[in-house]
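The values are calculated or read from the model by the stated rules, or taken from the named source; none is laboratory data. As the structure is a prediction and not an experimental result, all values here were calculated from the model. Glycine also receives a Cβ, built like all others from the backbone with ideal geometry; neighbour counts cover every protein chain displayed.
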Amino acid sequence: MFSIFRRKKAGTGVEQTTVREKPRDDQDPLEARLARTRSHLAGLFGLIGSSTTIDDALLEDIETTLLTADLGVAATTRILDQLSQGIRAGLVKTPADVLPAVQAELYAMIEPCEQFLAVETTKKPFVILMVGVNGVGKTTTIGKLARRYLDDGLTVMLAAGDTFRAAAVEQLRTWGERNNVPVVSQGQGADSAAVIFDALQSAKARNIDVLIADTAGRLHTQSHLMAELGKIRRVMAKIDPEAPHEVMLVVDAGTGQNALVQARQFNQAVDLTGITVTKLDGTARGGIVFAIAEELSIPIRFIGVGERAVDLRPFDAGTFVHAVLPVSAG
Ligand SMILES: Nc1nc2c(ncn2[C@@H]2O[C@H](COP(=O)(O)OP(=O)(O)O)[C@@H](O)[C@H]2O)c(=O)[nH]1
Ligand SMILES: [Mg+2]
């Protein structure tokens, strides 16, 4: 599913590996996976189709549609401001000019967040720490990520850092057994930081390429659990000062504006380096992706569009915008 490009990192002479996606036979087009998500923004087509001029009523309806699609206030305001500017400048003259303008602005909003997670094989292991609230898809995403890296020929190890629920440790263990991936665990109630410390030590000893660490779901209000993430970071640094190389927040697009609140709060607490937005295949309103990009500018690494291993896609701004608002130029 991926091809690996090895290239020298600029100026350093160090070989760096980046991973890019190639289309796979068993992948549906993104448009198909996002069909239900798209229906929210598709309301714009009806509005434009039934308007003969651009007036305040149309602009208000556009605003409502964007807010309803979960874009949030900041992203919606940006689009409306941009439209007004376009109208004043004479670039947006008729209703037909509106959608391409909206689409262009949506793209401009998320394009800076299209920064694919490059696993650097010089860092052994490259450590990914997964964080987020309960049920957003952390463990599932770990399975999907591990599958990708295995397919790329990388060696993978998992750390069962969600020690809160026995089922969570079991979920990861079962997955590891099925896929022949070592899973470091200590059972329910163990100290999460200790499990991850052991895993990092073991991954180093075994020359593993990628270590992915699960953590228990937590809310920003649970200060002891947020502090635990700090402890995890500190113990990792004892073995490798650069670890974790990626702190990835997972949010469930189906939770709407809550996902934005979670991103904001986790970012304040642990300095996120990337976000994965899951469950965009469901009834989620894809606007949350734009809301997160506009407010936080954190790289959006992947989107989850289903429960199968192939349903984790690298975030591609152009493809995403076309999937949720299919306007063709000209
Ligand atoms: N439809 C859909 N379901 C997902 C996706 N990602 C995760 N899930 C489901 O969400 C539920 C919770 O996932 P889990 O990984 O256990 O969440 P965790 O508590 O954050 O570890 C499971 O039933 C997953 O199958 C996705 O992208 N699409
Ligand atoms: Mg889990």
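Worth a mention:
- Residue ID - surrounded by the most Cβ atoms within 10 Å (Cβ to Cβ), chosen from residues in segment 27-46 that are among the hydrophobic types (A, V, I, L, M, F, W, C) and in contact (Cβ under 8 Å) with a residue 40 or more places away in the chain: L41
- Residue identified as among the basic types (K, R) and within 23 Å of the chain's Cα centre (by Cα) among R233, R178, R206, R173: R233
- Candidates V92, V102, V98, V127: the one that is crowded, with 18+ Cβ neighbours inside 10 Å, more than 16 Å from ligand 1 (Cβ to nearest atom) and assigned to a strand (DSSP E or B) is V127.
- Top-ranked residue of segment 156-180 - restricted to ones that are surrounded by 22 or more Cβ atoms within 10 Å (Cβ to Cβ) and outside any helix (DSSP H, G or I), ranked as nearest to ligand 1 (Cβ to nearest atom): D162
- Only a single item in (1) of a type in the set (V, I, T); (2) in a loop (DSSP other than H, G, I, E, B); (3) away from ligand 1 (no atom under 16 Å from the Cβ) is not met by V136, and it is number (3).
- Total residues in segment 236-253, condition in a helix (DSSP H, G or I) and buried (at least 20 other Cβ atoms within 10 Å of the Cβ): 2
- Residues considered: T140, T65. Of these, the only one that is crowded, with 17+ Cβ neighbours inside 10 Å, in contact with a Gly (Cβ under 8 Å, 6 or more places away or on another chain) and more than 22 Å from T278 (Cβ to Cβ) is T65.
- Enumeration of residues in segment 55-89 that are out of contact with any helix residue (DSSP H, G or I) (no Cβ under 6 Å at 6 or more places or on another chain) and either among the aromatic types (F, W, Y) or not in a helix (DSSP H, G or I) (or both): D55, A89
- Lone qualifier among D271, D252 - being within 16 Å of ligand 2 (Cβ to nearest atom) and either at pLDDT 95 or above or of a type outside the set (S, T, N, Q) (or both): D252
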